[in-house]
Amino acid sequence: MTPAPSLPPALAIGAVAAVALTTVLVGVLGLRISRTTSDFYVASRTVRPWWNASAIGGEYLSAASFLGVAGLIMVNGAQALWYPIGYTAGFLMLLLFVATPLRRSGAYTVPDFAAARLGSNAVRRATSVLVVLIAWFYIVPQLQGAALALHTTTGLPGWVGSVAVVAVVVASVMFGGMRSITFVQAFQFWLKLAALALPALFLVLWLAGRGAPSGEPIDALGAASGNAPAIPASLVAPDGVYRTVSVMVALLFGTLGLPHVLVRFYTNPDGPSARRTTVIVLSLLSVFYLFPTAFGILGRTAAPDLAGQADATVVLLPARLIDGPLGAALSALVLAGAMAAFLSTTSGLLVSIAGVMSQELFGGSVHGFRVAAAASAAVPLGAALLAGPQALAGSVGLVFAFTASTICPLLILSIWWRRLTAAGAIAGLAAGALACGSAVLFSAIVPGIANMAVLQALLGQPAAWSVPLAFAVMVGVSAVRRRPVPTAVDRFLVRIHRPEAYEPDPAREATRSSR
């Protein structure tokens with residue numbers, strides 16, 4: 001039975017349509033200045049730190065951040081705070097280990113970087129396959145979030161939300177490329193922040209003015225008391241020392257392997273700009289995650305009956321607590337922000353897929369980029385329509401575990417260990433992908449695993465052992481098959497680690513050579 005919509009359908013559809021139309025219009029603005037191949041792939045490497053940080057925030061703050069974090073806090077309290085902490089702290093790891101060297105490499109994509117560092121087409125192809133798979137896995141929760149939000153607020157079939165997101169994103173990416181998407185994602189970050197911050201602050205003031213809500217008491221960040229609604233088992237967040245450690249490993253190291261985040265650092269003018277961009281992103285995320293946390297706490301204290309619709313808490317809560325047009329308007333604003341989250345993250349992921357597929361299959365042309373963008377959207381759309389609903393933050397967390405077990409070891413060792421070999425890289429990528437992927441699949445489809453707590457923890461949250469395994473295999477195979485380090489590798493490492501202040505000035509060098 002379809003539940004009654006929580007908002008007037010016309011208001012909800014109007015909010016969604018306004019975001020979609022604005023996205024297209026901003027994309028058209030970017031299209032007017034997207035002319036070259038470099039514009040489409042890396043925005044001609046001219047994006048300044050504040051713009052780039054806003055765009056990274058726009059694409060990074062996905063359905064898991066906008067809806068899922070509040071949902072996890074709603075049902076699990078303080079245990080779920082590890083998710084916003086991990087999502088934010090991952091950028092500190094990226095700042096320390098990856099951002100500046102990656103920009104100095106001059107690559108367009110992660111496979112470009114891997115091929116330049118290791119001189120191997122086999123590594124390039126393996127990395128390309130993983131980048132596409134990771135992006136597809138990450139797109140699916142965005143489309144599921146769109147389906148959930150639209151169905152909950154309007155009563156429309158969920159597939160309408162998924163198809164709408166894909167249609168808008170494909171049009172924006174095909175015709176605007178990276179430069180256009182940069183404008184779109186920067187705008188969408190600030191829309192998402194306002195769409196959560198304003199209703200959250202209003203709800204806090206509203207509840208403070210009206211006094212504590214009546215009803216069954218509940219500890220805001222602890223366990224529900226009395227006759228509070230039972231929490232569905234499928235929504236239970238990770239608990240126990242191992243699960244907490246494994247989630248943090250996945251979030252901290254997984255950020256270093258997210259292709260749609262990494263590709264944004266190629267758009268900075270230079271290494272210091274990439275570093276400043278990362279610092280600004282850390283600040284923006286720290287502010288943003290205050291508000292999903294606030295929604296989760298407000299949901300636990302004021303509307304515990306929403307536990308059964310935890311991922312929709314941020315959309316439902318304003319209209320639930322405030323009767324009349326004001327509550328409906330606030331919920332519509334949150335819905336608009338949620339739609340911006342689905343659109344911005346999906347567009348960033350689609351850009352990363354299109355860039356890789358175009359480079360590998362279509363010679364890196366603008367036409368190939370557009371064809372790849374349209375074709376690559378079909379797979380995650382089909383998966384989202386066929387798959388059942390999942391807890392958004394949890395499902396995205398597993399994608400982080402996969403990236404932490406594959407792309408992350410490749411990047412860190414490529415940047416910081418000169419003896420990494422192509423054979424070691426391929427072996428580590430295969431080991432990490434097979435270990436993490438098979439563990440998650442096994443825990444999901446094998447009957448009886450849920451009744452074995454230790455085994456379920458090891459397989460359901462594998463990052464704590466699959467990430468060290470991938471590093472160990474890369475190092476071990478490279479050490480066993482040790483060969484003299486080619487001169488080209490040393491030149492590459494010098495280029496990515498040498499500060500810009502020591503870069504040679506071409507004009508000065510030409511003058512010196514003429515003397």
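Taking other residues whose beta carbon is less than 10 angstrom from the beta carbon of residue 423, and scoring Lys, Arg as +1 and Asp, Glu as -1, yields +2. Per-residue Karplus couplings for the stretch 187-194, computed as 6.51 cos²θ - 1.76 cosθ + 1.60 with θ equal to phi - 60°, are listed in order as 4, 5, 4, 5, 5, 4, 4, 5 Hz, Gly and Pro entered as x. Among residues other than residue 112 whose Cβ falls under 11 Å from its Cβ, what is the net charge (Lys/Arg +1, Asp/Glu -1)? Net charge around residue 112: +1. For the stretch 253-265, 3J(HN,Hα) computed residue by residue from phi via the Karplus equation (6.51, -1.76, 1.60; θ = phi - 60°) reads 8, x, 4, 5, x, 6, x, 6, 7, 4, 5, 5, 6 Hz, glycine and proline entered as x. Using every pair of distinct Cα positions in the stretch 333-422, the Kirkwood expression returns a hydrodynamic radius of 15.8 angstrom. Distance from the Cα centre of the stretch 191-210 to that of the stretch 59-94, in angstrom? Cα centroid of the stretch 191-210 versus Cα centroid of the stretch 59-94: 19 Å apart.
Counting 0.36 nm for each residue step from residue 387 to residue 326 and taking away their Cα separation leaves a gain of 18.4 nm. Full extension of the chain segment joining residue 279 with residue 17 gains 91.0 nm, where the gain is 0.36 nm per residue of separation less the Cα-Cα distance. Only the Cβ atoms of Lys and Arg (+1) and of Asp and Glu (-1) were treated as charged; on that basis the dipole of the stretch 251-345 about its Cα centre amounts to roughly 280 debye.
Just to check, using Stokes-Einstein with a Kirkwood Rh over alpha carbon pairs, what's the diffusion coefficient of the stretch 239-369 at 20 °C and 1.002 mPa s in µm²/s? Calculated translational D: 118 µm²/s. The calculated pair-distance distribution of the stretch 263-322 uses every alpha carbon pair, bins of 5 angstrom beginning at 0, and gives 4, 16, 20, 12, 9, 9, 10, 10, 8, 3, 0 percent.
Expected output is a single nm value to one decimal: the length gained when fully extending between residue 25 and residue 441, i.e. 0.36 nm times separation in residues minus the C-alpha distance. What is it?
145.7 nm
Other residues whose C-beta falls under 15 angstrom from the C-beta of residue 278 contribute a net charge of +4, scoring Lys and Arg +1 and Asp and Glu -1.
Bear in mind these aren't lab numbers, they're just calculated from the coordinates by the rules spelled out. This one's a predicted model, so the numbers in the text were calculated from it and none came from an experiment. Using ideal geometry, Cβ is built from the backbone for each residue, glycine included, and neighbour counts are taken over all protein chains shown.
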